[in-house]
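I have placed the structure first, in the form of structure tokens, so that the comments after it can refer back to it.
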Amino acid sequence: MVHITYRHGQDSSEEKRVILKESHFYISDDRTHDIHYVQHCFKLFYDHVIAMDIPFYRHIIWSDGCAGQFKNARVFEWLCLLHLKYKVPHVWNYFETGHGKGEHDGAGACIKTALRREEMKFTGARLRDAASIVQWCASVMGEQATRKHLVRRIFWEVTNVDRSQTPRVNTVHGTRRFHSIRSSDNSALQIWTRLKACFCSSCSIGEWDDCEHTDTVDTWERVTLGTNFNGGNEIDHLEDDQTHISRDYDHISDLIQAGT
């Protein structure tokens, strides 16, 4: 998984904004890239932010609408729990089906190209597994290797993904239709949904009630997550062109083959 983050630098101000770009690459021998994997990667990211003593007051996320990874009731519940834990509101925006390509794909392609070239060298590094790939990438293209202080690459080896948690919430009706949600710190696990995302001057600062484009993007609708889980498939009712695993994702781990 590739996660590109933009944040304000330490000396950033309203008069002179310093925007830092961090590309986080999560590489693993674990081929099951489900909701548990996504949550594990985000935990690594949050621990990194806290360890670096980086203040954050709102987290805006863009992704495709993959039902098995990003757009389901368990993600919505998780965002509310993050809001309660870190006191940080989360806004998650989804691209339309099949249109989730972005700069993260280009970043992943650059890493895959570099790995292929290294493997083809006669005296190249032995890239046997995720650990060796992370070690090589960090030494050649990592944060310490680049001279561009405004652009950083950080490589994570993902291991020991916890999949013991069981679902507690039911499918949210109409999930496939809306393309923007935001969390709440309500212990009743409530989210707000909207048909489209908006970044007008009011929405950009969280003044949701003063949105300038409600005639286009619709108004926010409050939804309480049902905790009466019935034990069925929580990500059913997919559209004809939907899959449980994203087709917009490019597996870096595909480079790892037995015996290489």
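The values are calculated or read from the model by the stated rules, or taken from the named source; none is laboratory data. In this text, all values refer to a predicted model and were calculated from it rather than measured experimentally. With ideal geometry, Cβ positions are generated from the backbone for all residues, glycine too; neighbour counts draw on all protein chains shown.
Note on the range 89-103: residues that are under 19 Å from THR5 (Cβ atoms) and assigned to a loop (DSSP other than H, G, I, E, B) amount to 5.
Could you say whether any residue in the range 108-123 is acidic (Asp, Glu) and under 15 Å from the mean Cα position of the chain (by Cα)?
Within the range 108-123, the subset acidic (Asp, Glu) is 118-119.
Within this subset, residues satisfying the condition of being under 15 Å from the mean Cα position of the chain (by Cα) are none.
No, every residue in the range 108-123 fails to be acidic (Asp, Glu) and under 15 Å from the mean Cα position of the chain (by Cα).
Residue check: LEU84 meets all listed conditions (1) farther than 27 Å from SER187 by Cβ; (2) in contact with a Ser or Thr (Cβ under 8 Å, 6 or more places away or on another chain); (3) among the aliphatic types (A, V, I, L, M); (4) surrounded by fewer than 19 Cβ atoms within 10 Å (Cβ to Cβ) but one, namely (1). Residues in the range 1-35 that are assigned to a strand (DSSP E or B), of a type in the set (Val, Ile, Thr) and out of contact with any Phe, Trp or Tyr (no Cβ under 8 Å at 6 or more places or on another chain): ILE4 alone. When the test is whether a residue is in contact (Cβ under 8 Å) with a residue 40 or more places away in the chain, in contact with a strand residue (DSSP E or B) (Cβ under 8 Å, 6 or more places away or on another chain), part of a loop (DSSP other than H, G, I, E, B) and under 23 Å from ARG194 (Cβ atoms), GLY68 does not pass it. Right, GLN10: of a type in the set (S, T, N, Q), more than 24 Å from PHE178 (Cβ to Cβ) and modelled with pLDDT under 90 or not? It is true that GLN10 is of a type in the set (S, T, N, Q), more than 24 Å from PHE178 (Cβ to Cβ) and modelled with pLDDT under 90. Restricting the range 44-57 to residues that are surrounded by fewer than 13 Cβ atoms within 10 Å (Cβ to Cβ) and at pLDDT 90 or above leaves a set whose member that is nearest to the chain's Cα centre (by Cα) is ASP47. Among the residues of the range 179-190, those that are surrounded by 13 or more Cβ atoms within 10 Å (Cβ to Cβ) and more than 18 Å from the chain's Cα centre (by Cα) comprise SER184, ASP185, ASN186, LEU189, GLN190. Listed by position, the strands (runs of 3 or more DSSP E) enclosed by the range 104-205 that each have at least 1 residues that are free of Cβ contacts under 8 Å to residues at least 40 places away in the same chain and closer than 19 Å to TRP92 by Cα are 190-194. Among the residues examined, ALA114 qualifies as over 29 Å from SER204 (Cα atoms) and touching a helix residue (DSSP H, G or I) at 6+ places or on another chain (Cβ under 7 Å).
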